[in-house]
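> Just passing along the structure, written as structure tokens.
The numbers here are math on the coordinates, done by the rules we state, and not lab data. If you're wondering where the values come from, they're calculated on a predicted model, not measured in any experiment. Reconstructed Cβ throughout: ideal geometry from the backbone, glycine too, with neighbour counts over all protein chains shown.
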Amino acid sequence: MSTFLKDAKTFYSDFFSRGTWSEIGANNILSGKEDINKRKECLREVYRLILDNEAISDEVKDWIKTNHSIQKTAVIRGITVSRLKNQIYYVNTTLGNDLSYKDNNIIHIMIMTEKIESKDWENINKIVQAVIIKKRQSLYKKENIFSTKNLLINIPRKEYCTSISDESFNTFLRLIMPYFINERKRVQQRINEQYLKEAGYFNYLLTPGINLSSLDKSRLARVKKLLDDETVSTYNKLNRDKMLDLTKVEEEEKKKETLDIEEYRKKSKEELKSGEPIVLKSRHVQFDF
């Protein structure tokens, strides 16, 4: 693949005269191309994305606009050659990659390709428009506004489209609306003001160790479908541990009751011998004989 900035530098003087776009120069180098106007517009946009880009250093821009080598440009600008090379490499691997199509950068395609099919034009225009939008968001620097501060899901950043139908837009907005922070705040307020009873029942369903009715179990199953696997696993473990604890309590109670009866039998034998009244005690009542 041709190097993006190398092509930008090589053909700069063909498209610009004293820093201004030259229609004469563009017509000369693109002469004979049936879609010359589309190519000129595409190349003007690509050069704008390079030369009007704050993310690209002035040293790199100077190197593109002159016939100076990297070494001479570095000396003139007062920086090291390695630093300038790193800056050029960075642009080639970011902006250069974004402005590439079918293993070639778009400058090379516009100048060297004899015929560009309509489908290829469609894809190339999408690529250029996508990068223009990125540049408006401070290319490669500014964080996407759809961050976890206001939206709880990730919007694919590499996807761009300049036009969709109202139906498509409304459908997508309904899909993502529950994940906006402001929407969560409104739902939280409604729960606090109108749905406390339902919230209490929700807490009841998710309390481990409770014997639920068949209706409760079916509702709990619906809730579990909304939870991630790790949370469900934790709930199931807590539930098992709680049931084991309850079983231990019941076993301890039965054991205690058995010991009480044995103690009563032993004591009753002694009291029968001594003639003292017999008192039968249980956890609930007491009987005197």
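> Among 43-51, 224-232, how do they line up by average Cβ neighbours within 10 Å per residue, starting with the highest?
Values: 43-51: 18.2, 224-232: 10.3.
For the peptides 43-51, 224-232, the packing ranking is 43-51, 224-232.
> Step through the table entries Lys9/Lys72; Lys6/Lys72; Lys33/Lys102; Lys65/Lys102; Lys33/Lys65; Lys6/Lys135, compare each Cα-Cα distance with 23 Å, and write down the pairs that go over it.
Values: Lys9/Lys72 15 Å; Lys6/Lys72 16 Å; Lys33/Lys102 20 Å; Lys65/Lys102 27 Å; Lys33/Lys65 25 Å; Lys6/Lys135 21 Å.
Violating the 23 Å limit, Cα to Cα: Lys65/Lys102; Lys33/Lys65.
> Okay, next question. Could you pull out the chymotrypsin sites (Phe, Trp or Tyr not before Pro) across the stretch 179-223 that fall in loop regions by DSSP (anything but H, G, I, E, B) with no more than 16 other Cβ atoms inside 10 Å? Please report the intermediate quantities before stating the final value.
Working: sites: Tyr179, Phe180, Tyr195, Tyr201, Phe202, Tyr204; in loops: Tyr195.
Filter output for the stretch 179-223: Tyr195.
> Give me the mean projected area, in nm² to one decimal, of the convex hull enclosing the Cα positions of the stretch 5-147. Before the final figure, lay out each step's value.
Numbers: hull surface 37.7 nm².
Spelled out: convex hull of the Cα atoms, projected over all directions, averaged, 9.4 nm².
> By average Cβ neighbour count within 10 Å, what is the ranking of 34-41, 163-170, 117-124 from highest down?
Details: 34-41: 15.0, 163-170: 9.1, 117-124: 11.6.
So the order, starting with the most tightly packed, is 34-41, 117-124, 163-170.
> Here is a follow-up. With a 10 Å radius around each residue's Cβ, average the other Cβ atoms per peptide and rank 12-19, 128-135, highest first. Could the numbers behind the result be given before it?
Values: 12-19: 14.0, 128-135: 17.2.
Answer by packing, highest mean first, reads 128-135, 12-19.
> Name the residue from Ile79, Val46, Val60 whose Cα lies farthest towards the positive end of the charge dipole of the stretch 1-157, charges +1 on Cβ of Lys and Arg and -1 on Cβ of Asp and Glu.
Positive-most Cα among the choices belongs to Ile79.
> Semi-axes of the equivalent ellipsoid for the stretch 1-53, please: Cα gyration tensor eigenvalues, times 5, square-rooted, ordered largest first, whole Å.
17, 13, 11
> Place a +1 charge on the Cβ of each Lys and Arg in the stretch 1-150 and a -1 charge on the Cβ of each Asp and Glu, then give the dipole magnitude about the Cα centre in debye, rounded to the nearest 20.
On the way: 25 positive and 19 negative charges, 97 e Å.
For the stretch 1-150, the charge dipole is close to 460 debye.
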